[in-house]
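Step one of this worksheet: look at the structure below.
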Amino acid sequence: MARRVLLQLDADSQPSTFDAIVAVDAGVDVLLRHGGVTPEAAVPLVHGGMFTRGGKDLSSTAIFVGGSDVAAAEAIFRTVQKTFFGPVRLGVMLDPSGANTTAAAAVVVAGRHADLAGARAVVLGGTGAVGRRVARLLARERCRVAVASRSAERAKAVCDSVAEAVENAQLTPVAAQSDAGTLHGELLDCLAEADVVIAAGAAGTRLLSGECLRQCVKAKVFVDLNAVPPEGIEGIVATDAGRPLTAERPSAQPPAVAYGPIGVGGIKMKIHREAVQQIFHSNQACLDAEEMLEIGRAFA
Ligand SMILES: NC(=O)c1ccc[n+]([C@@H]2O[C@H](COP(=O)([O-])OP(=O)(O)OC[C@H]3O[C@@H](n4cnc5c(N)ncnc54)[C@H](OP(=O)(O)O)[C@@H]3O)[C@@H](O)[C@H]2O)c1
């Protein structure tokens with residue numbers, strides 16, 4: 001069997017060391033790291049992978065598209081797929097800034113505690129790279145999703161783009177803050193009805209106070225993805241991994257559970273490693289957030 005060669009295509013000038021180390025841990029033999037990649041520059045790099053190996057050895061070359069600029073990575077990912085033709089393809093995955101693997105892991109853990117089909121979910125920080133994907137994955141699971149943002153326009157733009165991608169998606173854009181800087185009444189109403197609350201705000205931003213958490217009277221699971229203090233949801237500890245919130249919400253029966261960023265991170269890493277392995281299983285493999293959620297179900 002030919003050695004496994006991974007082309008790491010990264011729009012940043014220095015390709016991510018994190019993604020490189022995970023690739024090695026996932027069993028890649030040779031890692032070719034390319035930084036500053038643009039869609040145009042990706043074409044000859046992809047050709048180099050497509051035309052060197054034939055037959056079953058073709059699936060021993062694969063492509064990882066990443067980097068901190070999510071839109072740039074998405075453009076490279078589209079170009080990579082357009083560069084393939086006929087059966088001459090390579091396995092490929094997209095995970096810029098860990099957004100796909102993180103969103104998939106968040107939805108996997110939420111699904112452990114709530115039947116997502118028909119559930120009501122609130123995605124706080126729903127306009128970021130991770131939040132948009134969480135909203136898309138939850139909508140595909142038939143959740144009724146409220147996408148919260150400090151800007152009603154940005155929340156609506158995310159809902160419109162998810163609605164284009166997901167047939168019959170049930171989405172509500174919600175402004176997170178009132179003019180006085182407190183949580184908007186509309187968001188409080190959504191939180192009071194929510195089964196699932198996922199906070200995907202920027203690192204170091206508090207989106208929900210402990211008092212507001214107590215007002216989420218129906219919630220079965222809270223997921224906070226922010227690892228930089230203060231916590232995105234007050235009281236959720238980074239290492240929480242299904243911790244019952246008995247002290248925080250004593251009246252809730254059964255108690256809601258909490259996941260923090262490290263609690264979710266374990267599954268995220270498993271999804272990442274498994275995804276790297278799967279792009280070598282078949283040269284037809286093409287992994288975006290949805291396929292990573294499928295991978296994550298095995299770790300549920
Ligand atoms: N555990 C892991 O493995 C892992 C991996 C990747 C990311 N993460 C974490 O996941 C979270 C989301 O990542 P991301 O890249 O999607 O984040 P992001 O794009 O930086 O921010 C997400 C959203 O947060 C909102 N926001 C920004 N500054 C804010 C402020 N001062 N107050 C309130 N809201 C604010 C913005 O929404 P609006 O402007 O529309 O309000 C923004 O779209 C981050 O905390 C990140 O660190 C964790």
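Where a number appears in this text, it was derived from the coordinates with a stated rule and is not lab data. Just so it is clear, the model here is predicted, and its values are computed rather than measured. Cβ: placed from backbone, ideal geometry, glycine included. Neighbour counts: every protein chain shown.
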Among bridges DSSP assigns within segment 40-157, what percent are antiparallel (round to 5)? 10
Tell me the mean residue ellipticity at 222 nm calculated for the chain from its helices only (DSSP H runs of n ≥ 4, each -39500 (n - 2.57), averaged over every residue, nearest 500). -12000 deg cm²/dmol
Cβ-defined net charge surrounding N283, 12 Å radius [Lys, Arg +1; Asp, Glu -1]: +2
Three-way shape call for segment 5-94 based on the alpha-carbon gyration tensor, with the a/c threshold at 1.5: oblate
Lysine pairs in the chain 8 or more apart or on different chains: how many have alpha carbons under 30 angstrom apart? 12
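Listed highest first by mean packing, meaning other Cβ atoms within 10 Å per residue, what order do 9-15, 29-35 come in? It would help to have the intermediate numbers written out before the result.
Numbers: 9-15: 19.6, 29-35: 14.4.
The densest-packed peptide leads the list: 9-15, 29-35.
Using a simple charge model, +1 on the beta-carbon of Lys and Arg, -1 on the beta-carbon of Asp and Glu, nothing else, what dipole does the chain show about its Cα centre, in debye to the nearest 20?
Numbers: 29 positive and 32 negative charges, 118 e Å.
It comes to approximately 560 debye.
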Can you give the relative contact order of the chain as a percent, counting alpha carbon pairs under 8 Å and 6+ residues apart? 18
Debye, to nearest 20: dipole size of segment 5-94, +1 on Lys, Arg Cβ, -1 on Asp, Glu Cβ: 400
